[in-house]
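This report refers to the structure that appears directly beneath it.
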Amino acid sequence: MRARKARLAHHIAHKDLYWLFLLAGTTLFAAGVALAWLLQAVFGWLLAGMAGPFWVMAAWSKSLRTIPPLKAMRSIDDVVDADVLGVLPAEHSPRQLADIVMSLPGGKFFASRFGLGTAFLAPLSSKQPSDSSTVWREAERLRQQLGASSISAATLTAALIRSVPNVDQYLAPARISANDITAGAAWHKHLQDVFTEHDKRRHDGGIGRDWAFGYTPLLEQFGFNISQHITARGLLHYELPSHEAVVRQTFHLLAQAGRRNVALVGALGSGKTTLVHSLAKKMLEADPAVPKALHYRQVIALDPSTLIAAAKGRGELEGLVQHLCYEALHAKNIVLFLDDAQLFFEEGNGSVNLSNVLMPVIEGGALQLILAMDEQRWVRIVQATPALSQHLNRVAVPPTDEQETMLVMQDQLLMYEYQQKVTYTYQALEATYRLSSRYLSEQVMPGRALNLLETAANFAYDGIVTHRSVEQAIEQTQGVKVGTADTGDERETLLHLEQLIHKRMINQTHAVQVVSDALRRARAGVRNPSRPIGTFLFLGPTGVGKTELAKSVAAVFFGGEDRLVRLDLNEYVQANDVSRLIADAAQDQHGLTAQIAHNPFSVVLLDEIEKAHPNVLNTLLQMLDEGILRDIDNREVSFRDAVIIATSNAGAERIRQHIEAGESLEQFDDQFTNELINANVFRPEFLNRFDEIVLFRPLKPDELVQVIDIILEGVNKNLAAQRVSVIVDDDAKQQLVQAGYDPRLGARPMRRVVQRVVENIVANQMLAGQVMPGGQIRVTLQDAQAMLARNQ
């Protein structure tokens with residue numbers, strides 16, 4: 001019977017009979033009344049009366065649009081939504097089912113929200129009618145799992161997808177799994193529940209009720225009436241389990257005798273303001289969970305910045321706040337909400353300490369107040385005004401977990417989609433939670449996720465916000481690379497990293513290779529995301545390329561040498577230097593955590609690490625192992641998008657001795673590491689934190705000639721603006737190497753030698769007018785010898 005009714009409803013809706021009956025009835029009624037009124041024709045009333053049957057038919061056809069499921073299920077027909085049931089043939093295959101659901105809103109929901117397209121499902125579905133029973137069993141299982149009263153087109157779509165053999169291999173290109181399909185069905189049900197709740201929103205009370213309360217002109221001028229806002233626009237808000245206890249406790253405290261106030265204390269982004277909107281909604285609707293004393297209360301928010309801007313001085317501001325509190329008290333139906341309440345209790349830019357005005361109000365307990373602030377501000381204010389803690393009821397607002405954050409995003413994207421004219425995919429929501437958890441440390445959930453979700457709309461593809469949109473939003477705002485290498489240029493760079501790095505430094509092939517391998521793993525998405533991109537300890541004499549390799553990685557992979565965060569740990573030799581290492585950016589912008597918080601996609605170079613105080617090294621252990629470091633305010637700073645390079649000259653003489661004995665680095669690297677441990681230079685647990693311990697060997701004289709060439713490239717780049725170049729004869733280069741070679745200092749003296757000889761020759765000739773734009777300066781052996789002799 002229900003199936004026949006659904007088919008009839010589909011036929012009537014398809015033929016638009018509702019509008020036909022409605023139009024016919026309205027036309028007859030209007031014509032009859034016009035005849036009876038204008039022509040005084042009696043039959044006009046008869047004609048108007050004939051409109052009744054048409055209106056009845058219109059009402060009947062409209063009623064067919066809503067065919068609720070039966071509570072006592074006897075067959076699957078009793079719980080299938082009417083829009084599916086009305087077009088469902090008695091005998092059907094999974095492929096026919098796929099064609100049906102993909103023509104309905106529930107199927108199109110999956111096609112758009114998962115980026116699958118409407119043609120995805122049918123080719124994967126069976127043509128055998130006997131296989132349909134499997135689909136229906138899965139649909140019924142999903143219905144019960146979701147707690148739904150009916151099997152919607154979306155639930156049936158999910159069942160069809162999950163019933164495809166080896167379905168995960170077909171879903172993998174879209175970056176989803178069968179479990180995500182189940183989550184999609186839950187998302188669709190959640191949205192339907194939100195719309196249903198919104199449509200049933202009650203509008204209790206009215207003008208007479210509001211007139212029974214006091215006149216509040218100042219509050220209307222300076223306050224924001226949250227309750228009226230909810231009445232006008234509605235509130236699409238899902239009740240979160242983590243907030244239910246907060247809501248119950250807040251209502252209990254507001255309704256009790258005496259201290260009728262609440263201080264909502266939670267981190268930025270935890271949802272304190274949204275929670276107050278939920279409280280206002282429940283009070284306005286006289287929700288059964290709300291104590292009767294709070295029924296129909298209105299919540300009015302006071303904005304500190306607005307009040308401060310409206311008052312000319314402290315005295316005027318204090319008087320304004322007193323009058324606002326007086327109005328709220330005498331209106332008898334007002335709850336005042338002070339968001340960012342710390343601004344009323346602190347002196348500073350944009351804040352004024354009004355505790356002398358507010359404390360009597362709080363202590364009196366007659367006026368109901370809700371304050372909101374974060375934990376640090378709460379502690380600071382209570383320390384400054386201890387009486388507050390005795391008269392304010394503190395309620396903690398926890399961050400949301402992943403499941404709750406996904407629900408909040410699903411609610412909010414409805415508004416974002418309307419405002420931005422975009423559509424968000426499920427993959428975008430998953431990426432938003434994952435990436436905001438990792439990169440947006442200023443807030444907690446759900447605030448950090450909502451911020452990223454809104455920003456991602458600016459990177460939509462043809463109006464679709466995908467996971468790549470979210471990745472691009474993070475890359476543009478945080479300066480990191482979070483996706484896999486997806487352009488030909490970047491892939492070429494990654495595949496030829498060694499060659500690119502060797503354009504800047506000589507030899508040290510093994511060191512260049514291990515660092516390049518780590519970078520390729522990171523951009524291919526196969527590294528451990530809970531650790532830094534790579535952690536390396538470079539050991540070797542001075543001037544062999546340890547620092548230069550760090551600079552090369554910053555330039556070639558991270559985009560420039562400004563992506564190098566360098567700390568000389570010989571400046572961190574005291575126990576209390578740890579505080580400088582993890583200082584807040586507002587106090588010391590040169591601290592390690594401060595620099596990485598500002599520039600997380602970087603090379604971190606820890607020079608001369610063996611000289612750091614043991615407390616400093618202990619602090620760095622968590623950074624090396626887990627990729628995070630807590631600053632002095634206990635905020636997590638992520639190093640998971642950085643390459644960590646520590647350098648040390650410890651044991652440099654032993655490395656030189658091994659090399660001079662004809663040994664290769666690979667022959668004695670393990671032995672050398674053990675020597676450092678036995679000599680108490682490094683502890684084993686510290687060395688074990690590094691991915692690689694890389695030994696650098698001293699450079700040979702012939703390799704220093706290549707260093708000279710690299711330095712000369714830099715000189716010519718500087719001269720390019722003047723259209724002048726310089727070349728140095730080979731025998732002159734050998735002379736420069738001979739003059740600057742020191743096995744203890746490696747390549748470092750070479751730059752000074754080039755400066756004293758080559759750059760001085762160039763400067764003298766240019767000042768003497770011996771070279772013109774477009775000319776070339778040649779440095780011969782005799783030139784080099786003469787300049788070296790002059791500088792001795």
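The values are calculated or read from the model by the stated rules, or taken from the named source; none is laboratory data. Given the structure is predicted, the values throughout are model-derived calculations rather than measurements. Here Cβ is always computed from backbone atoms with ideal geometry, including for glycine, and neighbour counts include all displayed protein chains. The area values use the complete protein model at the heavy-atom level, side chains included, leaving out ligands, DNA and RNA. Shrake-Rupley method; radii C 1.70, N 1.55, O 1.52, S 1.80 Å.
Checked against the criteria, A154 does not count as open to solvent by less than 30 Å² (accessible area, probe 1.4 Å), at pLDDT 95 or above and either among the charged types (D, E, K, R) or under 28 Å from the mean Cα position of the chain (by Cα) (or both).
So if I check each of L264, L320, L253, L329, which one is crowded, with 22+ Cβ neighbours inside 10 Å and either assigned to a helix (DSSP H, G or I) or not aromatic (F, W, Y) (or both)?
On the way: L320 fails: crowded, with 22+ Cβ neighbours inside 10 Å; L253 fails: crowded, with 22+ Cβ neighbours inside 10 Å; L329 fails: crowded, with 22+ Cβ neighbours inside 10 Å.
Selected residue: L264, the only one of L264, L320, L253, L329 that is crowded, with 22+ Cβ neighbours inside 10 Å and either assigned to a helix (DSSP H, G or I) or not aromatic (F, W, Y) (or both).
Residues in the stretch 280-298 that are over 17 Å from D411 (Cβ atoms), part of a helix (DSSP H, G or I) and in contact (Cβ under 8 Å) with a residue 40 or more places away in the chain: M283, L284, L294. Taking the numbered list (1) in a loop (DSSP other than H, G, I, E, B); (2) open to solvent by 40 Å² or more (accessible area, probe 1.4 Å); (3) over 30 Å from I533 (Cβ atoms) in turn, V771 passes all entries but (2). Checking the stretch 267-289 against the condition returns no match, with no residue being closer than 22 Å to E375 by Cα, of a type in the set (G, A, S), at pLDDT below 90 and surrounded by fewer than 20 Cβ atoms within 10 Å (Cβ to Cβ). Could you list all residues from the stretch 32-54 that are open to solvent by 40 Å² or more (accessible area, probe 1.4 Å) and in a helix (DSSP H, G or I)? V33, A34, L35, W37, L38, F43, W45, L46, L47, G49, P53, F54 - these are the residues of the stretch 32-54 that are open to solvent by 40 Å² or more (accessible area, probe 1.4 Å) and in a helix (DSSP H, G or I). Only a single criterion out of (1) farther than 15 Å from I370 by Cβ; (2) open to solvent by 10 Å² or more (accessible area, probe 1.4 Å); (3) not in a loop (DSSP other than H, G, I, E, B) is not satisfied by K312, namely (3).
The single condition from (1) surrounded by fewer than 18 Cβ atoms within 10 Å (Cβ to Cβ); (2) in contact with a Phe, Trp or Tyr (Cβ under 7 Å, 6 or more places away or on another chain); (3) over 30 Å from A183 (Cβ atoms) that L338 fails is (1). The numbered conditions (1) more than 30 Å from T647 (Cβ to Cβ); (2) out of contact with any strand residue (DSSP E or B) (no Cβ under 6 Å at 6 or more places or on another chain); (3) of a type outside the set (D, E); (4) surrounded by 12 or more Cβ atoms within 10 Å (Cβ to Cβ) are all true for S725 except (2).
Taken over the stretch 480-494, the residue count meeting the criterion of being open to solvent by 50 Å² or more (accessible area, probe 1.4 Å) and either more than 30 Å from the chain's Cα centre (by Cα) or under 22 Å from L564 (Cβ atoms) (or both) is 1. Taken together, the residues in the stretch 454-466 that are in a helix (DSSP H, G or I), touching a Phe, Trp or Tyr at 6+ places or on another chain (Cβ under 9 Å) and open to solvent by 30 Å² or more (accessible area, probe 1.4 Å) amount to 1. Of the helices (runs of 4 or more DSSP H) lying entirely inside the stretch 122-192, those carrying at least 2 residues that are of a type in the set (V, I, T) are 132-146, 153-162. At least 2 residues being open to solvent by less than 60 Å² (accessible area, probe 1.4 Å) and at pLDDT 90 or above is the threshold, and among the helices (runs of 4 or more DSSP H) wholly inside the stretch 360-437 those reaching it are 375-384, 402-420. Quickly run through the stretch 684-706 and pick out the residues that are in contact (Cβ under 8 Å) with a residue 24 or more places away in the chain, more than 34 Å from the chain's Cα centre (by Cα) and part of a loop (DSSP other than H, G, I, E, B). Answer for the stretch 684-706, where residues must be in contact (Cβ under 8 Å) with a residue 24 or more places away in the chain, more than 34 Å from the chain's Cα centre (by Cα) and part of a loop (DSSP other than H, G, I, E, B): F696, R697, P698, L699.
Residue by residue, here is whether (1) open to solvent by less than 20 Å² (accessible area, probe 1.4 Å); (2) hydrophobic (A, V, I, L, M, F, W, C); (3) modelled with pLDDT of 90 or more holds:
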site	(1), (2), (3)
R656	no, no, no
L665	no, yes, no
F668	yes, yes, no
E685	no, no, yes
I693	no, yes, yes
I708	yes, yes, yes
V715	yes, yes, yes
A721	no, yes, no
G746	yes, no, no
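Out of the residues in the stretch 523-546 that are in a helix (DSSP H, G or I) and open to solvent by less than 20 Å² (accessible area, probe 1.4 Å), which is modelled with the lowest pLDDT?
Step one: filter the stretch 523-546 for residues in a helix (DSSP H, G or I), giving 523-524, 546.
Filter once more, so that each one left must be open to solvent by less than 20 Å² (accessible area, probe 1.4 Å): 523, 546.
Details: R523: 85, K546: 94.
The residue in question is R523.
Applying a threshold of 6 Å to beta carbon distances and a minimum spacing of six or more residues, or different chains, the list of pairs starting in the stretch 562-585 at a residue that is more than 22 Å from V643 (Cβ to Cβ) and ending at one that is basic (K, R) and crowded, with 19+ Cβ neighbours inside 10 Å is empty.
Scanning the stretch 312-368 for residues that are under 39 Å from the mean Cα position of the chain (by Cα) and polar (S, T, N, Q), we see that the one that is farthest from G214 (Cα to Cα) is N349.
Residue by residue through the stretch 511-527, note down the ones that are farther than 23 Å from R744 by Cα and in contact with a Gly (Cβ under 9 Å, 6 or more places away or on another chain). Talk me through it step by step, then tell me what you get.
Within the stretch 511-527, the subset farther than 23 Å from R744 by Cα is 513-527.
Across the stretch 511-527, the qualifying residues are V514, V515, D517, A518, L519, R521, A522, R523, G525, R527.
Put simply, of V514, V526, V556 the only residue that is in contact with a helix residue (DSSP H, G or I) (Cβ under 7 Å, 6 or more places away or on another chain) and either hydrophobic (A, V, I, L, M, F, W, C) or without any contact (Cβ under 8 Å) to a residue 12 or more places away in the chain (or both) is V556. Only a single item in (1) under 30 Å from V512 (Cβ atoms); (2) touching a Leu at 6+ places or on another chain (Cβ under 9 Å) is not met by N570, and it is number (2). Taken over the stretch 94-120, the criterion of being farther than 14 Å from R162 by Cα, open to solvent by 60 Å² or more (accessible area, probe 1.4 Å) and either touching a strand residue (DSSP E or B) at 6+ places or on another chain (Cβ under 6 Å) or of a type in the set (K, R) (or both) is satisfied by K108 alone. Taken over the stretch 695-718, the residue count meeting the criterion of being in contact with a Phe, Trp or Tyr (Cβ under 9 Å, 6 or more places away or on another chain) and of a type outside the set (A, V, I, L, M) is 2.
Return a yes/no flag: does the stretch 26-33 have any residue that is hydroxyl-bearing (S, T, Y), modelled with pLDDT under 85 and under 20 Å from W55 (Cβ atoms). Within the stretch 26-33, not a single residue is hydroxyl-bearing (S, T, Y), modelled with pLDDT under 85 and under 20 Å from W55 (Cβ atoms).
May I ask you to verify whether L88 is open to solvent by less than 20 Å² (accessible area, probe 1.4 Å) and not basic (K, R)?
Values: open to solvent by less than 20 Å² (accessible area, probe 1.4 Å): yes; not basic (K, R): yes.
Considered against the rule, which asks whether it is open to solvent by less than 20 Å² (accessible area, probe 1.4 Å) and not basic (K, R), L88 comes out as yes.
If the condition is being outside any helix (DSSP H, G or I) and either at pLDDT 90 or above or on the phi > 0 side of the Ramachandran plot (or both), then the stretch 217-246 contributes G223, F224, N225, G234.
Could you go through the stretch 345-353 and let me know if any residue there is touching an Asp or Glu at 6+ places or on another chain (Cβ under 7 Å) and surrounded by fewer than 19 Cβ atoms within 10 Å (Cβ to Cβ). Yes: the stretch 345-353 contains one or more residues that are touching an Asp or Glu at 6+ places or on another chain (Cβ under 7 Å) and surrounded by fewer than 19 Cβ atoms within 10 Å (Cβ to Cβ). Inspection of the stretch 125-132 identifies no residue that is surrounded by fewer than 23 Cβ atoms within 10 Å (Cβ to Cβ) and closer than 18 Å to T425 by Cα.
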